[in-house]
Amino acid sequence: MSAASGTGAPGPRRGDLELGPGAVLLHGFAGPDAAALLAGLDAVLRESPFRHMVVPNGRRMSVAMSNAGLVGWVADRSGYRYAPTDPDTGRPWPAMPDAFAALADRAAERAGHPGFVPDCCLLNRYAPGARMSLHQDGDERDLGAPIVSVSLGLPATFLWGGVSRADRPRRLRLEHGDVVVWGGASRLAFHGVDVLKPGRHPSTGALRLNLTFRRAL
Ligand code: MD3
Ligand code: FE
C-alpha cells in the first residue's frame, strides 16, 4: 500500500489538481492498483470481449468497448442506452471486479463524493488512431453522482470543453494511473479524446485503456 492509495483522511491532498468546478485530477492515483485492475479487466474480457459498437449514424466507433457491472453502456443503430445484457453474448455483463469498485470508491471519496457505488464500468480500448469525439454523458439517471475515470497504458490528450459544445476545448494529458473524478458543475461538460498516437507502454503494450465508473440506474 503506497502513500498515493493508502487509507487516511478523505478530501483533496497536495498534488490533486482541481480542473474545474467539481472535477479533480488525482495524478497517478491508480498506479499502485494497475496490476490488479488489469487482472480484473482480463477476467471481464474473457466473458465479454472488446467490440466496436455502431452508432445511430451507422459508423463503427474507433474505440473498442466492453462493460462490467449490473448494466453496460450500449450503442447500436437505434440509439444509446444502459442494458443489463451484453448484446454480443446474450448473457449478463460480467460482475464488476472487487478491485474496480474499491478503487472507484476511494477516488470518489478523495474528491469529495463519499459512498460512490457504481453500477457500471465502461471499458474503452484505444489503439493508435482511435479517438472519441466531443460528447456529454447524460444518460445516467442520477446526474448528482460523479463519474470516475481511470487511464491505463499509453498517454492520451483529453479534450475538455465547457458546458456548451461551442466552447473551445482545453487539452489535458492523461497518463497511466491518472484518475479523474467528474462531479458537480463539470458532470455535463463536453469532452473527448484526441487521436491516439502510437507508442509502447510496459503494462498495456500499444494500447490505452480507460475505465469509467458510472452510477447509471
Ligand atoms: C467529463 N471516455 O467513456 S474519460 C466515455 O478516455 C469517455 O475513454 C474518455 O468520455 C476516455 O464516455 C474520457 C473522462 C471522462 C469521462 C466521463 C465524463 C470525462 C467526463 C463525464 C462528464 C464529464
Ligand atoms: Fe464521456
* To do: At a temperature of 20 °C and a viscosity of 1.002 mPa s, determine how fast segment 1-100 diffuses translationally according to Stokes-Einstein, using the Kirkwood radius over alpha-carbon pairs as Rh; express D in µm²/s, rounded to the nearest whole number.
  => 133
* **Positive-end residue of Pro32, Val71, Asn57, charge dipole of segment 27-78 with Cβ unit charges** => Asn57
* **Translational diffusion of segment 54-125, µm² s⁻¹ [Kirkwood Rh, Cα pairs; Stokes-Einstein; 25 °C; 0.890 mPa s]** => 183
* Structure fact -> Note, Asn124: beta-carbon cut-off 15 Å, +1 each Lys/Arg, -1 each Asp/Glu, net +3
* In square angstrom, what is the accessible area per residue of segment 67-155 with a 1.4 angstrom probe? -> 42
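What are the semi-axes of the equivalent ellipsoid for segment 23-161, taken as the square roots of 5 times the Cα gyration tensor eigenvalues, largest first, in whole Å? Display every interim value, and only then the final one.
On the way: eigenvalues 103, 63, 55 Å².
That gives 23, 18, 17 Å for the three semi-axes.
Counting only protein heavy atoms and a 1.4 Å probe, tell me what percentage of segment 21-171's accessible area is made up of carbon and sulfur.
Numbers: 3620 of 6860 Å².
After summing per-atom areas, the C and S share lands at 53 percent.
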* What net charge is computed for the residues neighbouring Gly144, neighbours being all others with C-beta under 13 Å from the C-beta of Gly144, Lys and Arg scored +1, Asp and Glu -1? -> +2
* With the other protein chains left in place, how much accessible area per residue, in square angstrom, belongs to segment 10-58 at a 1.4 angstrom probe? -> 50
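Find the Rg to Rh ratio for segment 137-217, where Rh is the Kirkwood radius over alpha-carbon pairs and Rg uses the same atoms. Can you show the working numbers first?
Working: Rg = 13.6 Å, Rh = 13.6 Å.
Ratio of gyration radius to Kirkwood radius for segment 137-217: 1.00.
At a 10 angstrom cut-off on C-beta neighbours, averaged per residue, how do the peptides 97-107, 148-158 rank from highest to lowest? Don't jump to the answer; show the numbers that get you there.
Values: 97-107: 20.2, 148-158: 23.1.
So the peptides 97-107, 148-158, ranked by packing, come out 148-158, 97-107.
Net charge near Met53, counting Lys/Arg +1 and Asp/Glu -1 over other residues with Cβ under 13 Å of its Cβ? Present the calculation step by step, with values, prior to reporting the outcome.
Values: positive: Arg51, Arg59, Arg60, Arg77, Arg81, Arg125; negative: Asp76, Asp86, Asp88.
With Lys, Arg at +1 and Asp, Glu at -1, the net is +3.
Packing-wise, with mean Cβ within 10 Å as the measure, how do 201-208, 161-168, 109-116 rank, highest first? Before the final figure, lay out each step's value.
Working: 201-208: 16.1, 161-168: 11.5, 109-116: 17.8.
Put in order of decreasing packing, that is 109-116, 201-208, 161-168.
To the nearest 20 Debye, how big is the dipole of the chain about its Cα centre, given +1 on the beta carbon of each Lys and Arg and -1 on that of each Asp and Glu?
Numbers: 25 positive and 20 negative charges, 147 e Å.
In debye, rounded to 20, the chain gives about 700.
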* Asked: ³J(HN,Hα) across segment 198-205 via Karplus (A = 6.51, B = -1.76, C = 1.60, θ = phi - 60°), whole Hz, x for Gly/Pro?
  -> x, x, 9, 10, x, 9, 10, x
* Asked: Considering the dipole of segment 58-217 built from charges on the beta carbon (Lys and Arg +1, Asp and Glu -1) around the Cα centre, which of Pro169, Pro118, Leu217 is farthest to its positive end?
  -> Pro169
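Suppose only helical runs count, i.e. DSSP H with n ≥ 4. What mean residue ellipticity at 222 nm does that imply for the chain under -39500 (n - 2.57) per run, divided by all residues and rounded to the nearest 500 deg cm²/dmol?
Details: 2 runs with 27 residues, N = 217.
Rounded to the nearest 500, the figure is -4000 deg cm²/dmol.
The values are calculated or read from the model by the stated rules, or taken from the named source; none is laboratory data. Remember, it's a predicted structure, so these values are computed and weren't measured experimentally. Note that we place each Cβ from the backbone using ideal geometry, even for glycine, and neighbour counts take in every protein chain shown. In case anyone asks, the SASA skips ligands and DNA or RNA and just uses the protein heavy atoms, side chains included. Shrake-Rupley method; radii C 1.70, N 1.55, O 1.52, S 1.80 Å.
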